[in-house]
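Notes follow once the structure below has been shown.
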Amino acid sequence: MNNWTRILLFSFVAISLQILVLNRVDLSFGQFNYIQLMLYPYLILSLPYFFNRYYTLFYAFLVGIIIDIFCGTIGIHASATVFLAFVRHPVIALFAPREGYLPGQVPSIRNEGFANIFLQVFSLLLLHHFFFFCVEAFSFIYISEILLRTIFSLLVSTLIVLLVFFIYNPK
């Protein structure tokens, strides 16, 4: 299966899962309503390392706007996903091995080890979630709520994304 087929097929599955299942899961416990499950950032995180940056930004926008259309949000997911795609390359470069990545190499636990993938996922999801909740609140007056939502959603989303990295591990 070539890269484009793999990317499009998994995009359809992940977006459908996000819209039909994860957005309907309520993890609030009384007043504690700080967890939002997000799988769709995996679509940007799993792209090949040397994927064209313009295609990455366009793909991120498409993923985000599709999520926005079906969730009734107005550009929040699209802006956060484009931001994720924008910071992806510099953040991944921080964790690159000395010899660098091979052309066409896809992030995987098998090739890079759990620690490297965990650092990439955690760092990028932290940036994505913080940006997402800042745009959602649209004010730093709610900084404590933004930080709580970022932290708790980050922990759960990191587990979900790492689980997908374990399950769907391309060669």
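Past the 22 angstrom mark, what percentage of all C-alpha to C-alpha distances in region 51-152 do you count?
On the way: 1990 of 5151 pairs.
For region 51-152, the share of Cα pairs beyond 22 Å comes to 39 percent.
Axis of helix 114-137 versus longest Cα principal axis of the chain: the two differ by about 40°, to the nearest ten degrees. The charge dipole of region 5-160, taken about its Cα centre with unit charges on the Cβ atoms of Lys, Arg (+1), Asp and Glu (-1) only, comes to about 300 debye. Neighbour counts of C-beta atoms inside 10 Å place SER79, SER144, SER153 in the sequence SER144, SER79, SER153, starting with the fewest.
Applying 0.36 nm per residue to the separation of ASN116 and ASN52 and subtracting their alpha-carbon distance, the gain on full extension is 20.8 nm. Most mobile of LEU125, LEU102, LEU155 per a Gaussian network model of the chain (Cα springs, under 10 Å)? Highest fluctuation among the options: LEU102. Could you tell me how far the Cα centroid of region 129-171 sits from the Cα centroid of region 71-95, in Å? With region 71-95 and region 129-171 each reduced to a Cα centre, they are spaced 11 Å.
Taking ASN23, ASN111, ASN52 in turn, the Gaussian network model of the chain (Cα-Cα springs below 10 Å) assigns the largest fluctuation to ASN52.
In region 3-167, taking the dipole from charged Cβ atoms about the Cα centre, the farthest positive-side position among HIS129, LEU102, LEU37 is held by LEU102. Evaluating kT/(6 pi eta Rh) at 20 °C and 1.002 mPa s, with the Kirkwood radius of the chain over Cα pairs in the Stokes-Einstein relation, gives 131 µm² s⁻¹.
Taken together, the values in this text are just the output of simple stated rules run on the coordinates, not laboratory data. If you're wondering where the values come from, they're calculated on a predicted model, not measured in any experiment. Cβ sites come from the backbone with ideal geometry, for glycine too, and all protein chains shown count toward neighbours.
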